[in-house]
Amino acid sequence: MKKHSAQMSVKEREHLAKYRDAVISQVGLRLSLHCQGRLAENGVSDQLALTAAAQGQPFEVARSQDGLKVAVRFEDKATAHCVVVSRGGVIITYWSNRASDQHFSLRLGEYQGQWAWWREAR
């Protein structure tokens, strides 16, 4: 199950940012091997991925076997750098797109479902 920020209330978006901040303050951040490979492929520094995770805008929460994962978007000039942070502070993956991308092709239908787990996780 996952939920996009377009489907969240202001309070939920604020809580998601607080959740990400709490993870970072409790366990810190580290890069997965997969993420390190993605960064190398894209010519992006480890520091930029860490900055994106810590300072970016969370835009999605997903539940996995290991707990909640938060997708975060950080805009740097014309590029939006996106990372996914696990409950354990691992930056799982990295991708980028144009900062001006309005995501008109976003399929919110894929995010439909019961959100009781999100209320419980908060």
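Listed values, structure above:
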item: Any pair with Cβ under 7 angstrom, 6 or more apart, that starts in the range 41-63 at a residue that is over 20 Å from HIS15 (Cβ atoms) and ends at one that is of a type in the set (Gly, Ala, Ser); result: ASN42/SER96
item: Top-ranked residue in the range 57-104 [being in a loop (DSSP other than H, G, I, E, B) and among the charged types (D, E, K, R); ranked as modelled with the lowest pLDDT]; result: ASP101
item: The range 33-51, residues that are surrounded by 13 or more Cβ atoms within 10 Å (Cβ to Cβ) and within 16 Å of GLY89 (Cα to Cα); result: HIS34, CYS35, GLN36, ASP46, LEU48, ALA49, LEU50, THR51
item: The range 13-51, residues that are outside any helix (DSSP H, G or I) and among the hydrophobic types (A, V, I, L, M, F, W, C); result: LEU29, LEU31, VAL44
item: Test for LYS3: is it basic (Lys, Arg), modelled with pLDDT under 90 and not in a helix (DSSP H, G or I); result: yes
item: Flag if ALA54 is of a type in the set (A, V, I, L, M, F, W, C), surrounded by fewer than 19 Cβ atoms within 10 Å (Cβ to Cβ), within 14 Å of the chain's Cα centre (by Cα) and not in a helix (DSSP H, G or I); result: no
item: Matching entry among ARG107, ARG30, ARG122, ARG20 (being surrounded by fewer than 18 Cβ atoms within 10 Å (Cβ to Cβ) and either within 10 Å of the chain's Cα centre (by Cα) or at pLDDT 95 or above (or both)); result: ARG30
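The values are calculated or read from the model by the stated rules, or taken from the named source; none is laboratory data. Quantities reported herein were computed from a predicted structural model and do not represent experimental measurements. Glycine also receives a Cβ, built like all others from the backbone with ideal geometry; neighbour counts cover every protein chain displayed.
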